[in-house]
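Participant: Sharing a structure here in structure tokens format.
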Amino acid sequence: MGYLKTGQFISLDGVIEAPETWHFPYFDDEMGAAVGALMDNDALLLGRRTYDGFAEHWPKADANDPMTGRMNSARKYVVSNTLTEAGWENTTVINGDQAVAELTKLKADTRLGITGSATLTRWLLEQNLLDELHLLVHPIVVGHGQKLFADGTTVPLKLLSSTTFGSGVVHLVYTNAPAK
């Protein structure tokens, strides 16, 4: 059985942008294990902007880094209304118009993990396609940057689990909940 899940580094004020500027002081073995578990999937699902950044970085990254080999050899799917071809190896483009049907079929027997891709994550929640939303909530207020959810957004969620790490980061796992 497959699934579709995502993990997001997020500040207390909801910021997910540029975690490399605020996340690393909180990274420890507990978080490493959680992130590693989130990466144990059959394929990677990406939104267009995240795909562009990854496709630019990973093919040129240090070949001796095990993550480079893992990212380049992984099966990848990118959801886009504008991308027609994918230049990064092992990548399939899913056209936005057909995305719901294709992702529903794909997740029936493929374990899909999303990295970054906030716009895609929001859309998947709205379409009730996301099985698990993992939020790694950092004990910091960033004060600026893109948030996971825009002002005015309402997405009912059901808490599946919560774990507090020694660093103060809280790992919350949610799924869609029926609207009330």
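Participant: Tell me yes or no: at least one residue of the stretch 126-136 is without any contact (Cβ under 8 Å) to a residue 60 or more places away in the chain, assigned to a loop (DSSP other than H, G, I, E, B) and in contact with a strand residue (DSSP E or B) (Cβ under 6 Å, 6 or more places away or on another chain).
Facilitator: yes
Participant: Follow-up. Condition first: of a type in the set (S, T, Y), out of contact with any helix residue (DSSP H, G or I) (no Cβ under 9 Å at 6 or more places or on another chain) and within 18 Å of S11 (Cβ to Cβ). Now tell me which residues in the stretch 150-173 satisfy that.
Facilitator: S162, T164
Participant: Sticking with this one: Cβ contacts < 9 Å: first residue farther than 14 Å from I94 by Cα, restricted to the stretch 38-56; second residue part of a helix (DSSP H, G or I) and among the basic types (K, R), any location; separation 6+ or different chain. Result?
Facilitator: Pairs that qualify, where the first residue is farther than 14 Å from I94 by Cα and the partner is part of a helix (DSSP H, G or I) and among the basic types (K, R), are M39/R70.
Participant: Against the condition assigned to a strand (DSSP E or B) and more than 30 Å from V170 (Cβ to Cβ), how does T92 come out, does it pass?
Facilitator: yes
Participant: Out of the residues in the stretch 56-70 that are modelled with pLDDT of 90 or more and either outside any loop (DSSP other than H, G, I, E, B) or in contact with an Asp or Glu (Cβ under 9 Å, 6 or more places away or on another chain) (or both), which is nearest to L38 (Cα to Cα)?
Facilitator: By that ranking, first place goes to W58.
The rows are residues; the columns are (1) part of a helix (DSSP H, G or I); (2) touching a strand residue (DSSP E or B) at 6+ places or on another chain (Cβ under 8 Å); (3) hydrophobic (A, V, I, L, M, F, W, C).
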residue: T6; (1), (2), (3): no, yes, no
residue: E20; (1), (2), (3): yes, no, no
residue: P25; (1), (2), (3): yes, no, no
residue: A37; (1), (2), (3): yes, no, yes
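Participant: Now for a different question. For residues that are within 23 Å of L130 (Cα to Cα) and of a type in the set (D, E), tally how many sit in the stretch 1-31.
Facilitator: So the answer is 2.
Participant: Quick check on the stretch 71-91: of everything there that is at pLDDT 90 or above, farther than 13 Å from T115 by Cα and among the charged types (D, E, K, R), which residue is surrounded by the fewest Cβ atoms within 10 Å (Cβ to Cβ)?
Facilitator: So the residue we want is E89.
Participant: Let me spell it out: the conditions are (1) out of contact with any Asp or Glu (no Cβ under 8 Å at 6 or more places or on another chain); (2) modelled with pLDDT of 90 or more; (3) outside any strand (DSSP E or B), and L44 meets all of them except one. Which number is the exception?
Facilitator: (3)
The values are calculated or read from the model by the stated rules, or taken from the named source; none is laboratory data. Owing to the predicted nature of the structure, the values given are computational and were not obtained by experimental measurement. Cβ coordinates were reconstructed from backbone atoms using ideal geometry, including for glycine residues, and neighbour counts include every protein chain displayed.
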